[in-house]
Amino acid sequence: MSKIYISPSILSADFANLERDIKLVENNGADWIHIDVMDGHFVPNITIGIPVVKSIKQVTKLPLDVHLMIENPEKYIEDFANAGADIITFHYEAVAQSHSELDSESIKNIIKQIKSFGVKAGLSIKPKTSPEVLYPYLKDLDLVLVMTVEPGFGGQKFMEDCAEKIPQIKSNAPENLIIQVDGGINDVTGKICTLNGANSLVAGNYIYKSDDIKKAIDSLR
Ligand code: DX5
Ligand code: ZN
């Protein structure tokens, strides 16, 4: 069985005790740290930005899995790479607004831009976006993120339909593509996703609101 990468979302951590809460998941078996960047435009919420990523890099050895829920991601890739991101995932919908040849060029260029910094490149789709839009980019990507809630907030309910996208993407993807899911993931919904072929699970509330962090992380594998 292939490895499942567990990426706790610090959106559910205590921001006044971020170092403590990062160590808590690092010492209990997390593989990556998931950092949700929101700009108040692409999604209605505003969270954290480049200086915070830079500070997080100082306190953990784990790879930083940066999920950009922002418009114009190309403007900020270099800054996030320099701040220490190891994976940068951007949204298809943030770039492809006219569904034209031009959008497709832009997406390819952003993937190249991310990789030029030695960072792994991810592309994400929201629940209402069809998985087919990802197919032209799969061979260039390191990761695909299938959102299982509308992006913007932690603690929402898992949308089971979204898990059906995973096998469709997998059957069109190179063997080594990482398929990640994010939103409403717990031991039960995580299992639905891994059975469908996901090999990376993001979880915020399930991990951080648990009384036993190790048990919660272990139960996702
Ligand atoms: C939502 C974020 C998620 C969020 C997940 O827009 O992308 O990463 O933190 O939180 P839970 O696991 O609580 O649904
Ligand atoms: Zn996320």
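The numbers here are math on the coordinates, done by the rules we state, and not lab data. This one's a predicted model, so the numbers in the text were calculated from it and none came from an experiment. Here the Cβ is made from the backbone with ideal geometry for all residues, glycine too, and neighbour counts use every protein chain on show.
Summary table below
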{"quantity": "Percent RCO, i.e. relative contact order, over region 1-160, from Cα pairs under 8 Å lying at least 6 residues apart", "calculated": "17 percent"}
{"quantity": "Rounded to 5, percent antiparallel among DSSP beta bridges of region 12-158", "calculated": "5 percent"}
{"quantity": "Gained length - Lys75 relative to Lys115, 0.36 nm times residue gap less alpha-carbon distance", "calculated": "12.9 nm"}
{"quantity": "Among beta bridges that DSSP assigns inside region 22-99, antiparallel share in %, nearest 5", "calculated": "10 percent"}
{"quantity": "Amide proton proximity set for Ala203, modelled H, under 5 Å, gap of 5+", "calculated": "Ser7, Ser9"}
{"quantity": "Fully extended contour minus Cα-Cα distance, from Asn27 to Lys209, at 0.36 nm per residue", "calculated": "63.9 nm"}
{"quantity": "Cut-off under 5 Å, modelled amide H: who pairs with Ser124 long-range", "calculated": "Phe90, His91, Tyr92, Leu145"}
{"quantity": "Loop-located trypsin sites (Lys or Arg not before Pro) in region 24-101, at most 11 other Cβ atoms within 10 Å (DSSP)", "calculated": "Lys61"}
{"quantity": "Share of alpha-carbon pairs per 10 Å distance bin for the chain, given as whole %", "calculated": "8, 37, 40, 14, 1"}
